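Heads up, the thing below is written out as structure tokens.
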Amino acid sequence: MRPLPELTPVNQWFWTSGADGRLRIQGCTDCGQLVHPPVPVCPRCRSRAFEPTPVSGRATVVGHTVNAHPWLPDVELPYVIANVALAEDPSVHLTTNIVGCPPDEVHVDQEVAVRFEQHEDVWLPLFEPTGATDPVDRVPSPIRPVPRPPVSAERFEHRAVLSGIGRSRMGRRLMIDPLSLTVDACLQAVADAGLGLDDIDGLSTYPGAGMSGMTEGGVTAVEEALRLRPTWFNGGGDLPGPGGSVIAAMLAVASGLCRHVLCFRTVWESTYTALQRERKGGPGGPGNTGGRVSGPLYEWRAPFGAMSAANWIAMNANQYLHRYGATREMLGIIALNGRANAARNPAAIYREPMTMDDYLSARPITSPFGLYDCDVPCDASIAVVVSDASAAADLPKPAVRIEAVGTQIIERVSWDQDTVTHEPQVLGQSAHLWTRTDLRPDDVDVALVYDGFTFNAISWLEGLGFCGLGEAQDWLDGGKRIALDGDLPVNPHGGQLSEGRTHGFGFLYEAVAQLRHEAGERQVAGARTAVVTSGGGTPSGVLLLRNDGA
């Protein structure tokens, strides 16, 4: 059964438009701009006057994925999810299903036409091929965006340091209370910084308590457990990715509001999903929630079976492969590199050797992604202490300094409306980073790039300028360039693909360990600078770290 959207005064006209067989999109009555998803103001002329506007229902496939994973227990597999660009305005996209043809016949540049399918009081706009191929590329060639220049030469980043790190036990289905994992990581991080709990006057986390039971409960739960009485605290998902909680802590320290901020991220997804499956007698996750869906992440995607970021990002990955002629082996290099590095990491969940044949023959999830393109759900907590830079001389271990951050939103934050050649919210934040430092990509010794999916890592490597856009397959040199002894070692701990999904904080932990030269068998020789990307979608952020004394 498809999850259906909750009908509201804002969206009802769209989801019921198909009753007369016509596709309608929000249109500005002053300048004619088409807008999707609906918003109360025209992004071009700022008019508040708009109305549902009939369009032809013709479109072009700009991204697609063949989904083979049972996110929805009652939906027949496989099915095609696609991102289509409207004929009237190719900048307006819809996530939808392609029907009326075998899944393996769907391709980028395919012309399609709308066909409505009624489910209760909702008419879903599906699309079927017309038999033609669009001769015009409806996706603009990606360019490196131009961020706003810094407002001054002052850098708040230089007034804070990373002083301590800690992590709990990490594993699959540990069946341990997530708050216990959090306390373990937090106590370890505070001790690693040479501090006591009385020294901590700030708390910061991502995403807080609102993750369907998959976290420790946010700042309120940790405060109730540790009784820190923070001067400042922060929690929520509207940040520059998971690392945004660390960036927010840096701002608080730089402003003088507090001196030592304890930042933490706990995941409990592996155990939580298992418990949900036991209780409901079926697959866990967002597809088994019942009722109607709402909100920007699911309203416009879930009705078409696009239940996971795996689906959303896979559509972009296929656009990339089509545009640049890259192959799945390029993605496999990322997976194999992570697994080889994880073999040197005692904390990693998956340490067994993996070959390219293993990668290519793995169970399909959503094309082009197979099992080993996807990161590993786990139970774990990681904590980082952000301290005032003036405390650096008193720390028991070398302070890791923050050279710069990249946070600016330049691309649209909608997953399917703007950047479709790379992971959304990578190109903008990457470009912003280099406006806040004199260092350049060649100065980076080790890269910790978010790899919720293999394609994420490709997007970050290109976005940060380690190679040109579309050039990753050749640049990787079969994996030699990103290996532990390569020109740019990537994810020496195994990344989320093999160590485990800790939503960005594992990269921060590894960066600090590398820059302190505490990484053991996986240590990158002479590492003094590290880039850490944070986020597998929207929004995202990136940090450039250094240890001058390494």
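Read-outs throughout are calculated quantities, based only on the coordinates presented, and are distinct from any laboratory measurement. If you're wondering where the values come from, they're calculated on a predicted model, not measured in any experiment. Reconstructed Cβ throughout: ideal geometry from the backbone, glycine too, with neighbour counts over all protein chains shown.
So the values come out like this:
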| quantity | calculated |
| --- | --- |
| Fraction of alpha-carbon pairs over 18 Å apart in the range 12-133 - percent | 55 percent |
| Per-residue ³J(HN,Hα) for the range 377-384, Karplus 6.51 cos²θ - 1.76 cosθ + 1.60, θ = phi - 60°, Hz, x for Gly and Pro | x, 8, 10, 5, 9, 10, 10, 9 |
| Excluding exposed DSSP-loop trypsin sites (Lys or Arg not before Pro) (at most 13 other C-beta within 10 Å), longest clean stretch of the chain | 228-479 |
| Per principal axis, descending, Cα span of the range 219-343 in whole Å | 51, 39, 35 |
| Label-point separation, residue 30 to residue 56 (7 Å along Cα→Cβ), nm | 2.9 nm |
| Relative contact order (%) - the chain, alpha-carbon pairs under 8 angstrom, separation at least six | 18 percent |
| Relative contact order (%) - criterion: Cα under 8 Å, at least six apart; region: the range 12-133 | 23 percent |
| Computed magnitude of the charge dipole of the range 442-550 (debye, nearest 20; Cβ of K, R +1, Cβ of D, E -1) | 300 debye |
| Calculated FRET value between residue 292 and residue 394, using beta carbons and R₀ = 51 Å, to 0.05 | 0.40 |
| Angle between the chain longest axis and helix 505-515 axis [Cα atoms, degrees, rounded to 10] | 40 degrees |
| Given [x] 35, 29, 24; [y] 72, 27, 23; [z] 39, 25, 24, the label whose value is semi-axes √(5λ) of the Cα gyration tensor in Å derived from this model | [z] |
| Ascending count of other beta-carbon atoms within 10 Å, so fewest first, for 499, 51 | 51, 499 |
| Percent of Cα pairs exceeding the 10 Å cut-off, where the set is the range 380-421 | 81 percent |
| Distant-in-sequence amide H partners of residue 117 (H built 1.01 Å from N, under 5 Å) | 124, 126 |
| Largest to smallest principal axis extent of the C-alpha atoms in the range 47-110, angstrom | 43, 26, 17 |
| Tilt relative to the chain, helix 269-280 - C-alpha long axis, 0 to 90 degrees, to 10 | 50 degrees |
| Solitary cysteines of the chain, where the nearest other Cys Cβ is not under 4.7 Å | 101, 186, 258, 263, 374, 378, 467 |
| Calculated log₁₀ intensity ratio I(q)/I(0) where the Debye formula runs over C-alpha points of the range 319-420, q = 0.10, 0.20, 0.21, 0.24 Å⁻¹ | -0.53, -1.10, -1.12, -1.21 |
| Assigned charges on the beta-carbon of Lys, Arg, Asp, Glu; the chain dipole about Cα centre (debye) | 660 debye |
| Nearest-ten-degree value, helix 178-192 long axis tilted from longest Cα axis of the chain | 40 degrees |
| Among 332, 305, 378 - extreme Cα towards positive end, dipole of the range 278-399, charges at beta-carbon | 305 |
| Positive-end residue of 12, 77, 102, charge dipole of the range 12-133 with Cβ unit charges | 12 |
| Leading residue at positive end of dipole, the chain (Cβ point charges), from 473, 140, 505 | 505 |
| Lys, Arg +1 and Asp, Glu -1 on Cβ, resulting dipole of the range 12-133 about Cα centre, debye, nearest 20 | 580 debye |
| Mean ellipticity per residue at 222 nm, deg cm²/dmol - from DSSP H runs of n ≥ 4 across the chain, formula -39500 (n - 2.57) | -6500 deg cm²/dmol |
| Residue 45/residue 6 FRET efficiency (R0 30 Å; Cβ-Cβ; nearest 0.05) | 0.50 |
| 3J(HN,Hα) from dihedral phi, the range 41-57, Karplus parametrisation 6.51/-1.76/1.60, rounded to Hz, x for glycine, proline | 8, 6, x, 8, 10, 6, 5, 9, 9, 8, 7, x, 10, x, 10, 5, x |
